[in-house]
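Report on the structure given below.
Derivation of every value follows stated rules applied to the coordinates shown; laboratory data play no part. All of these numbers come straight from a predicted model, not from anything done at the bench. A quick note on method: Cβ atoms are made from the backbone with ideal geometry, for glycine too, and the neighbour counts reach across all protein chains shown.
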Amino acid sequence: MGKNILMIVGDFGEDAEILVPFQALQMVGHEVHAVCPDKEAGEKVKTAIHDFRGDQTYMEARGHDFELNATMADVDPSDYDALVVPGGRAPEYLRTYEEVIEAVQHFFEADKPVAALCHGPQILAAAGVLDGYQATSYPACRPECEAAGCSWVDGVVRDRNLVTGQAWPDHPEWLAEFMTVLGDEVSHGDAAVLADD
């Protein structure tokens, strides 16, 4: 049975980390509402494509315009079964919105499934929900994740209700673990670290 899933996005979030889970979760029958603070359904966020070209950090190119299908101001987190937090540059400013922090805290207080990828755990760290979890993130975010109280793991990890990955190349394992937490039957390899193993 399909779940109602909230996805919090923003301008210059990572293109693949927004589009792929948004479409993949719908493909298997879930309802996904993509929202952004200060924007309404029908408005768009600009995505970014991050890639490594031999420099010390990633370069950024303009991605797609991604249309929101719900309005953050109208969202009641209790109406949703799960949360997805993509990465990119958006999390660094999305974490400054009280409504974003309160929504994230709701999913943890209610022990609902949460999937965060790349820089997405910056929002979880700001919400104060990582303490005691095993989690991962884009490696450059490791210090703030650890400062928020998690044990940082190198690779996709599932710990209780939380599934985290480092970047879009983790999509197969990250999405498979998240869908498993959602109750979907998924056939996948053993690449992910299960915190309760």
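Points to keep in mind about this one:
- Kirkwood Rh, angstrom, segment 1-111 [1 / mean 1/r, Cα pairs]: 14.4 Å
- With eigenvalues of the C-alpha gyration tensor scaled by 5 and rooted, the chain, Å: 21, 20, 17
- For Ala115, residues with placed amide H under 5 Å, excluding near neighbours: Leu83, Val84, Val85, Val163
- Relative contact order computed over the chain (Cα-Cα under 8 Å; 6+ residues apart), in percent: 18 percent
- Note on the chain: GNM, Cα springs under 10 Å; of Val157, Val20, Val35, the largest mean-square fluctuation is that of Val20.
- Dipole in debye (nearest 20) - segment 4-194, about Cα centre, beta carbon charges: Lys, Arg +1; Asp, Glu -1: 380 debye
- Ordering of 144-152, 38-46, 116-124 by packing [mean C-beta count within 10 Å, highest first]: 116-124, 144-152, 38-46
- Peptides ranked, highest mean first, by Cβ atoms within 10 Å: ranges 58-69, 99-110, 23-34, 83-94: 83-94, 99-110, 23-34, 58-69
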